[in-house]
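Below: the structure, in C-alpha cells.
The values are calculated or read from the model by the stated rules, or taken from the named source; none is laboratory data. Predicted model only: the values in this text are computed from it and were never measured. Heads up, the Cβs are rebuilt from the backbone with ideal geometry, glycines too, and the neighbour counts pull from every protein chain shown.
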Amino acid sequence: MQVRVRKSFLISLCVMLAFGVTFAQGNGVGKRVGPQQSTRGVTVDEYFANQADLHAWLIGQTPASVLSDPISVQLTEAELDDVDRVDPAGRGPLRVGLVKQLAEPITVHCENTGRGQRRATCSGDGVFQMTRDGGFVWARAVSSPGAYGIRVHVNEFNLPADADLYFYSLDGEAYGPFQKSGPNDDGDLWLPSIMSDTGILLVRHFGPGARAELSEMSMSITEIGHIGKSFAGGDLPTTRGNDDLCGYNASCVQNATCQPSGPATAAESAAAKMLWIAGCCIYICSGGLIADTDGSSEIPYFLTANHCLSGNRAARNLEAFFQYQMNCGGPCPAGSYDPAPAPKTTGASIMSTSRDGDYTLLRLNENPPAGSTYLGWNSTPIAFTGGAALHRISHPSGAPQAYSEHAVDTNIGTCLNTPRGEFIYSDDVFGATEGGSSGSPVVNVDGEIVGQLTGCCPAGGGNCSNVCNSNNHTIDGALAFYFPQVEQYLDPAGCTTTPASCSDGVDNDCDGATDCDDTDGAEDCSAAPECDGGGGCVNPGGDPPGASCSSDATCCSNKCKGPPSNKTCR
C-alpha cells in the first residue's frame with residue numbers, strides 16, 4: 001500500500017510552528033489506560049443463534065413464488081473482471097465492490113382496493129399476501145449475478161408502527177427488524193450485506209389493523225451494491241504452510257492464530273474487518289475497538305485511518321466484522337462465505353477525524369460481541385524511541401486476522417508529507433501488512449494502542465508493491481500527535497450525576513446512555529411520555545419502542561410484536 005501525498009502539509013507545518021506545537025524527542029510521559037472487556041453485547045454464540053432463529057422464522061413467512069421475479073442488476077464482463085481482481089491498495093482503502101444504480105427505482109406502495117376495499121395491491125411487483133393474524137407480508141428477491149455478496153439501498157423508507165423490514169439470504173444470514181423510517185429516522189438506509197448473490201426483502205405487518213395501516217407503507221429501492229470475490233481475496237483459497245495465511249496473501253503474511261500469546265493477543269478480540277460504501281464503490285480496511293478512561297460507561301469507540309473512512313455518510317453504513325479468523329493451517333475462507341467466524345455491527349458516527357495523523361475515531365451504533373476487548377492506549381510519544389517493539393492484528397487483502405511485529409526506526413528518511421512524530425516509522429520484524437490492513441491499531445509491548453496503520457514507505461530502496469521487500473518501512477499515524485483531538489472522548493473529565501431528565505441530552509446517571517436510550521438506573525426513561533413514540537404509555541414503567549420484549553405487558557405501549565425470538569416494543 002502506497003503512502004498518500006498531502007498538499008496540506010506545508011500549511012499544517014506553518015500552523016504548528018505558529019502555535020508552538022512540537023514533537024517530543026524522547027520518552028515524554030503521556031496518559032494511558034488499560035484494556036476493558038465488553039459486556040453489553042450478545043455473545044458470539046447468541047448472535048448466531050438469534051440469526052438462525054430469525055432466518056427460520058423468515059423462511060416460514062416467505063411466499064412460495066418470491067424468487068420468480070427478482071430485482072436484478074447485471075455487471076458487464078469488464079466490470080466483473082475489475083471488481084473481482086485483487087490489486088494492492090494505492091493511496092486509499094482497498095476496493096472490493098461496485099454500486100449499480102437501478103435503471104428505474106423500484107417504488108413500493110400498497111393500498112386497499114376493490115368493493116369495500118377488501119383487496120390490496122402493491123406497486124413494485126413482489127408478492128403480497130394477508131396473514132392469519134390480520135397483518136400482511138410483502139416480499140421480493142434481489143440479485144446481482146456473480147456477486148460474492150450484495151447490499152441494497154432503500155430510500156423514502158416508511159412503515160407503520162406494527163410493520164418491520166427484513167433482509168436475508170437463502171444460506172442462513174438474516175437481518176432486521178428495520179422499523180418506521182429507519183435507524184437514522186430519515187428514510188434512507190443501506191441494508192446489511194449478505195454473502196450471496198441473491199437476497200430477499202420482506203416486510204411483515206403484525207395484525208390486526210393491517211388494512212387501516214397499509215397505505216403507510218412505502219419505500220424505494222434505488223441501488224444494489226455488488227461485492228466481488230476480492231472481499232475474501234479472490235479465487236485462491238489454499239494455504240501455504242502452518243503459519244501462513246491465505247494463498248492470495250504475500251508469503252511473509254502470517255496467520256494470527258498460529259502465533260503464541262503476546263502483546264497483540266487482546267487485539268484479536270478488538271480488531272475488525274471493515275466494509276462500507278462510498279459513492280460508486282465498496283471498500284474494506286481494518287480497525288479496532290479502543291477504551292476510554294470512564295469505567296462507569298461502555299462506549300463502542302473504534303479507531304481506524306482517515307484515508308480509509310472520513311465522512312459520516314459512509315460511516316452510517318459501515319459494517320465491522322469481529323473475530324474474523326481462520327484456524328492455524330487453514331483452510332482459508334473463499335468461494336462461499338461462512339458467516340460463523342464474523343459477527344458484525346452495522347452503522348457508526350464519526351467523533352473525530354483528520355488527515356493530520358491519518359486517524360478516524362468512530363462510535364459504533366451497535367455494541368460489539370460480549371467479551372470483545374476495548375484496547376488500552378498510551379499517549380506517550382514513541383516515534384523517536386528507536387527499536388521500540390510494535391505489534392499488530394490486521395486483515396491484509398481482506399483475509400482473516402494476520403499478525404505482524406515491527407520495530408521503531410528513527411534513522412530512515414521519511415516519505416513525502418508524513419513527518420516523523422506525526423507518524424511512526426518502523427521496520428517489519430515478523431509478518432507484514434497489505435492493502436486492507438490500513439487503519440489497524442498498532443500496540444506497544446504492553447498491548448496499548450500507540451497509533452494506526454497509514455501504509456508503506458519505500459525509502460532506502462524499498463518497493464511497496466512487494467510487501468515482503470526487506471527495505472520497506474511501515475508508517476503509522478501517531479496517537480501521541482493527535483491525542484489532543486480525541487482526548488475529550490478517550491479521557492473525559494469525569495461524569496457528574498445530575499437530576500434525571502429524559503429530554504436534556506445529558507447522561508444524568510453517568511452510565512453511558514442518554515435520554516430515551518437510557519432504560520435503566522437513575523435515568524430510566526423507559527416509561528417517560530417523551531420516549532414512548534407519541535402513542536401514550538399504557539403500561540407505566542414498561543419499555544420504550546424498540547426494546548426487546550416477551551409480552552405486551554412489558555411494553556409501555558402494551559404492544560410487543562415481531563418474530564417469536566425477536567419481538568420488540570412498538
Practice task
Tell me, please, whether a residue that is among the aliphatic types (A, V, I, L, M), under 14 Å from Pro369 (Cβ atoms) and at pLDDT 90 or above can be found in region 57-77.
Solution key: no
Practice task
Name the one entry in Arg132, Arg140 that is of a type in the set (Lys, Arg) and either in a strand (DSSP E or B) or in contact with a Pro (Cβ under 9 Å, 6 or more places away or on another chain) (or both).
Solution key: Arg140
Practice task
Of the numbered conditions (1) surrounded by 24 or more Cβ atoms within 10 Å (Cβ to Cβ); (2) touching a helix residue (DSSP H, G or I) at 6+ places or on another chain (Cβ under 8 Å); (3) within 30 Å of Asn255 (Cβ to Cβ), His406 fails exactly one; give the number of that condition.
Solution key: (2)
Exercise for the section: From Gly225, Gly241, Gly182, Gly176, grab the single residue that is more than 19 Å from Gly398 (Cβ to Cβ) and modelled with pLDDT of 90 or more. Expected result: Gly176
Problem - Meets criteria (assigned to a loop (DSSP other than H, G, I, E, B) and either without any contact (Cβ under 8 Å) to a residue 60 or more places away in the chain or within 30 Å of Ala528 (Cα to Cα) (or both)) for Pro492 - result: yes
Completion exercise
Of the listed residues (Asp515, Asp543, Asp476), the one being modelled with pLDDT under 75 and either under 26 Å from the mean Cα position of the chain (by Cα) or of a type outside the set (S, T, N, Q) (or both) is Asp515
Problem - Filter result (buried (at least 20 other Cβ atoms within 10 Å of the Cβ) and not in a strand (DSSP E or B)) within region 162-181 - result: Asp162, Glu173, Lys180
Problem - Test set (1) free of Cβ contacts under 8 Å to residues at least 12 places away in the same chain; (2) under 22 Å from Ile282 (Cα atoms); (3) not β-branched (Val, Ile, Thr) - Phe167 fails condition number - result: (1)
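Conditions tested, residue by residue: (1) over 25 Å from Asn50 (Cα atoms); (2) in the same structural domain as Thr568 (by TED's automatic domain parsing); (3) free of Cβ contacts under 8 Å to residues at least 12 places away in the same chain; (4) not hydroxyl-bearing (Ser, Thr, Tyr).
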residue: Thr121; (1), (2), (3), (4): yes, no, yes, no
residue: Val127; (1), (2), (3), (4): yes, no, no, yes
residue: Gly135; (1), (2), (3), (4): no, no, no, yes
residue: Ala147; (1), (2), (3), (4): yes, no, no, yes
residue: Leu159; (1), (2), (3), (4): no, no, no, yes
residue: Pro177; (1), (2), (3), (4): no, no, no, yes
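Here's the yes/no breakdown for (1) modelled with pLDDT under 95; (2) under 18 Å from Ser230 (Cβ atoms); (3) of a type outside the set (D, E, K, R); (4) surrounded by fewer than 24 Cβ atoms within 10 Å (Cβ to Cβ):
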site	(1), (2), (3), (4)
Cys258	yes, no, yes, yes
Gly262	yes, no, yes, yes
Met274	no, yes, yes, no
Ile282	no, yes, yes, no
Gly288	no, no, yes, no
Asp292	no, no, no, yes
Ser297	yes, no, yes, yes
Practice task
Taking the residues in region 409-453 that are over 19 Å from Tyr359 (Cα atoms) and aliphatic (A, V, I, L, M) as candidates, determine which candidate is surrounded by the most Cβ atoms within 10 Å (Cβ to Cβ).
Solution key: Ala432
Fill in the blank from the handout: Those residues of region 456-472 which are within 20 Å of Gln254 (Cα to Cα) and assigned to a loop (DSSP other than H, G, I, E, B) amount to Asn463, Cys464, Ser465, Asn466, Val467, Cys468, Asn469, Ser470, Asn471, Asn472
Handout entry: Any chance Tyr337 is in contact with a Pro (Cβ under 6 Å, 6 or more places away or on another chain) and either surrounded by fewer than 24 Cβ atoms within 10 Å (Cβ to Cβ) or modelled with pLDDT of 90 or more (or both)
Key = no
Problem - Condition check for Pro208: modelled with pLDDT of 90 or more and either over 21 Å from the mean Cα position of the chain (by Cα) or surrounded by fewer than 24 Cβ atoms within 10 Å (Cβ to Cβ) (or both) - result: no
